[in-house]
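The numbers here are math on the coordinates, done by the rules we state, and not lab data. Just so you know, these numbers come straight off a predicted model, no measurement behind them. Note that each Cβ is placed from the backbone with ideal geometry, even for glycine, and that neighbours are counted across all protein chains shown.
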Amino acid sequence: NAGVTQTPKFRVLKTGQSMTLLCAQDMNHEYMYWYRQDPGMGLRLIHYSVGEGTTAKGEVPDGYNVSRLKKQNFLLGLESAAPSQTSVYFCASRSGGSGNTIYFGEGSWLTVV
Amino acid sequence: AQSVTQLGSHVSVSEGALVLLRCNYSSSVPPYLFWYVQYPNQGLQLLLKYTSAATLVKGINGFEAEFKKSETSFHLTKPSAHMSDAAEYFCAVTLNTGGFKTIFGAGTRLFVKA
């Protein structure tokens with residue numbers, strides 16, 4: 001079972017470059033999320049989506065954009081990468097209901113030099 | 001606002017010893033609480049969750065957690081640590097609002113000594 005798949009897994013960018021992280025889930029989940037993980041700060045929510053065609057800002061949205069054109073895909077874009085965006089990015093998905101489990105991808109390691 | 005606080009960024013135990021990882025939550029309504037584990041270079045996976053059915057929740061790999069409303073706590077325990085338990089553990093709460101956003105604690109890294 002694939003679950004949540006993220007690509008690419010590793011990427012090095014130069015400051016000012018742009019890139020897109022792709023997340024795909026095969027569980028027919030309505031809700032999808034992008035988090036970033038930094039040492040000592042846990043996971044912080046960047047953007048999320050409550051269904052196809054919808055997006056919303058999370059805790060740390062600045063410098064990122066997202067799109068959810070298809071239910072199974074959630075894209076995270078960096079228009080002009082900055083060193084502060086060096087982080088590990090995790091995509092996650094879930095079905096509705098507060099008690100439901102959130103499922104994570106394996107992460108994407110991004111370094112901005 | 002709902003949040004979780006994990007006490008101790010690092011915990012070290014000997015193999016076979018009790019594991020206790022602390023989590024306190026703040027919530028104005030009954031929360032849905034979770035513990036997730038992250039092994040090196042992997043995503044997070046669910047250990048256990050509290051959804052108001054029972055205050056003592058048993059999870060995978062011998063872990064359990066007890067929901068104590070009077071103490072606003074949801075501490076994670078395991079009677080006997082194994083080397084394979086070395087990982088980072090995250091306590092989390094899901095907001096019962098649009099988007100069902102999950103808020104994570106800062107994490108506690110567990111070290112297990114032989």
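Per residue, what volume in Å³ does the convex hull of the Cα atoms of region A:1-41 enclose?
124
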*For region B:1-110, build the convex hull from the C-alpha positions and give me its volume per residue in Å³.*
99
*Would you mind calculating the relative contact order of region A:1-95 from Cα pairs under 8 angstrom and at least 6 residues apart, reporting the percent as a whole number?*
35
*Write down the percent of antiparallel bridges among all DSSP beta bridges whose residues are both part of the protein assembly as shown, to the nearest 5.*
90
_Relative contact order, percent, region B:9-114 [alpha-carbon distance under 8 Å, six or more residues apart]_ = 37
*Of the listed pairs A:LYS70/B:LYS49; B:LYS69/B:LYS113; A:LYS57/B:LYS69; B:LYS68/B:LYS101, which have alpha-carbon separations greater than 25 Å here?*
A:LYS70/B:LYS49; B:LYS69/B:LYS113; A:LYS57/B:LYS69
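Could you give the C-alpha radius of gyration of region B:71-114 expressed as a fraction of 2.2 N^0.38 Å, taking N as the number of residues it contains? Mind showing how you got there, number by number?
Values: Rg = 13.9 Å, N = 44, 2.2 N^0.38 = 9.3 Å.
So the Cα radius of gyration is 1.50 times the expected 2.2 N^0.38 Å.
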*Which whole-percent values make up P(r) of the protein assembly as shown when all C-alpha to C-alpha distances are grouped in 5 Å steps starting at zero?*
1, 7, 15, 18, 19, 16, 12, 7, 4, 1, 0
_Using alpha carbons only, how many angstrom separate the centre of region B:4-42 from the centre of region A:8-39?_
25
*Long-range Cα-Cα pairs in region A:47-113 (distance over 13 Å), rounded percent*: 70
*Over the whole of A:20-30, what's the average partner chain Cβ count within 10 Å per residue? Rounded to a whole number, please.*
0
*asked:* To check you understand DSSP bridge types, tell me what percent of the beta bridges within chain B (both residues inside) are antiparallel, rounded to 5.
replied: 90
*Principal axes first, then extents: for the Cα atoms of chain A, list largest minus smallest coordinate on each axis, whole Å, largest first.*
39, 30, 27
